[in-house]
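Notes to accompany the following structure.
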Amino acid sequence: MSLTPPTKHKEPVYGPLVLVANDGCETSDYPANVTESIAFIRRGTCPFGTKSENAGKAGAIAAVIYNNMQGSLSGTLGQPSEYHVATFGISDADAEPFVKKLQAGETVDSSAYIDAIVEKIGTTNVIAQTKGGDPENCVMLGGHSDSVAEGPGINDDGSGSLTLLEIATHLTKYTVNNCVRFAWWAGEEEGLLGSDYYVSQLSKEENMRVRLFMDYDMLASPNYAYQVYNATNAVNPVGSEELRDLYTEFYEAHGQNYTYIPFDGRSDYDGFIRNGIPGGGIATGAEGVKTKKEAEMFGGTAGEWFDHCYHQLCDTVDNLNLKAWELNAKVKWLLFLNVALDINKRLVARRPFRSNICRVFQRIPRTDCHH
C-alpha cells in the first residue's frame, strides 16, 4: 500500500495471521489475539488507512487487506498516522485459502517485510473561477492532476483533468450569472489529500457558496462501461440524487446504457459530501472486472478489468478508448450547462440562486473566464 510505514526496524516480522471481524472498521472488530500478530482484513466500508490504524491500535505488527471482489488490490493509507502498521494488499483469490483455514480454526504462521519511507512534501491544487457570476452561488467541477508513482496516469486521471481544461476553454465564450469553479486536485492518489484539504479550509460561509461538486475520474477506460455514482439522498447531502438522475437521463436520451457504481469515497467527491455539499460524477471503470452482462451492454471483453493498465506503467496515451472519452466529455459539458440553467428546479437549493438563473449562460463574442 502507498504511504505504508516499514515493518519494525525495517526488518522482517513474524507472527500468526489473525482474521479480523467484519471489515475492520471498528476497534471492536479486532480480537485480543491480534496483538503481536498480522491482521488479516477484508476490503470494504472504510478507507485502508482506517483499517491499518485500527490494526496498529490493537497491537498488530502488520496488516494484510484482501480484496472483496475479483482482482488484485492496491491503494493508499492516506494521511500518515502514528498507529499505522506495515500494510499490504492481496487479491481475493490469494486470500481465499487462508480465510478458509482461519475460519476452520487452523493456525497460519506468517511473516511480513517492507522497507519504506513516509515523509511530508508540499503539493498544490489549481483552482480557477469565472471572473463574472454571482460568487455567492458556485457550481464546482474537479478532477485530479496527479498519478501513481507506478505509471503516467493518462486515463487515471489525465482523461478527467484534460476534459475539465477543455470545458474551461469553451466556457470563455460565455458570460455567467452565477460563478463556476474548476479544480485540479493534487495528492488524490495518496489519499484524496488535495481535495480533503481544500474542503477542510472552507469557512461555513464559503462552504455554503458551493452548490454542488461534480467529480470526473477515469473517463476513457479501454474496456469501458458508462458508470454513474449511485449517490442517493438517503445517505448523502440532499441534491446528490438529483444530480445522479441528470447523468442517467443524458445516457437514456442518447440511447446509451449505464450502470450504477458505489458512491463509497474512492475519489475527490469524498471531502465534499462529508461536509454537506451535494456531489456526484461519472467514470468508466478501474480494476473492477467486466461482467458478461456489462459486455453485452457496452461491448468489450467480459472477465477482464475495465482498465487493464490501472495504476501501471502502461497507462499511456495508447490506453484510452476515445469513443468513451468523447461521449463522457459531452456528458460533462451538457450536464454542466443543464445544472447551471435549471438548478433550482432539479436540485434542492442550499441558498436561492439569482432570479434570472434561466439565463445563466448567454453566448457572447468575448472572453469572460480566467484560468
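Every read-out reported here was derived from the displayed coordinates using simple, explicitly stated rules and does not represent laboratory data. Not measured: the values here are computed from a predicted model. Cβ: placed from backbone, ideal geometry, glycine included. Neighbour counts: every protein chain shown.
Projecting each Cα onto the charge dipole of region 126-363 (Lys/Arg +1, Asp/Glu -1 at the beta carbon, about the Cα centre), which of T130, P222, S147 comes out farthest on the positive side?
T130
For D270, what charge total do you get from the other residues with a beta carbon under 12 Å from its beta carbon, if Lys and Arg give +1 and Asp and Glu give -1?
Around D270, the surrounding residues sum to -4.
For region 11-113, give me the percentage of DSSP beta bridges that are antiparallel, rounded to the nearest 5 percent.
25
Give me D109, D264, D307 sorted ascending by neighbouring Cβ count inside 10 Å, so fewest comes first.
Ordered from fewest to most neighbouring Cβ atoms within 10 Å, D109, D264, D307 come out as D109, D264, D307.
Of K10/K57; K101/K292; K293/K330; K51/K293; K100/K120, which pairs sit farther than 28 Å apart, going by alpha carbon to alpha carbon?
K101/K292; K51/K293; K100/K120
Compute the signed sum of charges (Lys and Arg +1, Asp and Glu -1) over the other residues within less than 10 Å, Cβ to Cβ, of D115.
Here the count lands on 0.
Using DSSP to define loop residues, name the trypsin sites (Lys or Arg not before Pro) in region 49-149 whose beta-carbon has at most 13 other beta-carbon atoms within 10 Å.
K120, K131
Reachable lysines from K332, Cα under 20 Å, same-chain residues fewer than 8 places away excluded?
Hits, sequence-local ones excluded: K173, K323, K345.
In whole Å, largest first, what are the principal axis extents of the Cα atoms in the chain?
If we take the Cα atoms of the chain, the spans are 71, 47, 36 Å.
List the GluC sites (Glu not before Pro) within region 57-149 that fall in a DSSP loop (any state other than H, G, I, E or B) and whose Cβ has at most 15 other Cβ atoms within 10 Å.
The qualifying sites are E82, E106, E119.
Nearest 0.05, what FRET efficiency do L202 and W333 give at R0 = 25 Å with Cβ-Cβ as r?
Calculated transfer efficiency: 0.45.
Defining a contact as two alpha carbons under 8 Å apart and six or more residues distant in sequence, what relative contact order in percent does the chain show?
Reported relative contact order: 18 percent.
Multiply the residue separation of K173 and E249 by 0.36 nm, subtract the distance between their alpha-carbon atoms, and state the gained length in nm to one decimal.
24.7 nm
If I stretch the segment between V126 and R274 completely, what's the gain in nm (0.36 nm per residue apart, minus their alpha carbon distance), one decimal?
Contour length minus the Cα-Cα distance gives 51.1 nm.
Taking neighbour Cβ counts within 10 Å as the exposure measure, how do Y14, Y229 sort from fewest upward?
So the residues, fewest neighbours to most, are Y14, Y229.
To the nearest 0.05, what FRET efficiency results for E304 and N33 with a Förster distance of 35 Å applied to their C-beta separation?
So, using R0 = 35 Å, E works out to roughly 0.35.
Out of all DSSP beta bridges with both ends in the chain, state the antiparallel percent to the nearest 5.
Percentage antiparallel, nearest 5: 30.
In nm, to one decimal, how far is the K10 label point from the Q256 one, both placed 7 Å along Cα→Cβ?
Placing both labels 7 Å beyond Cα along the Cβ direction yields 4.9 nm.
As a test of the definition: which semi-axes, in Å, follow for region 8-112 when you take the square root of five times each eigenvalue of its alpha carbon gyration tensor? Largest first, please.
Gyration-tensor ellipsoid for region 8-112: 18, 16, 13 Å.
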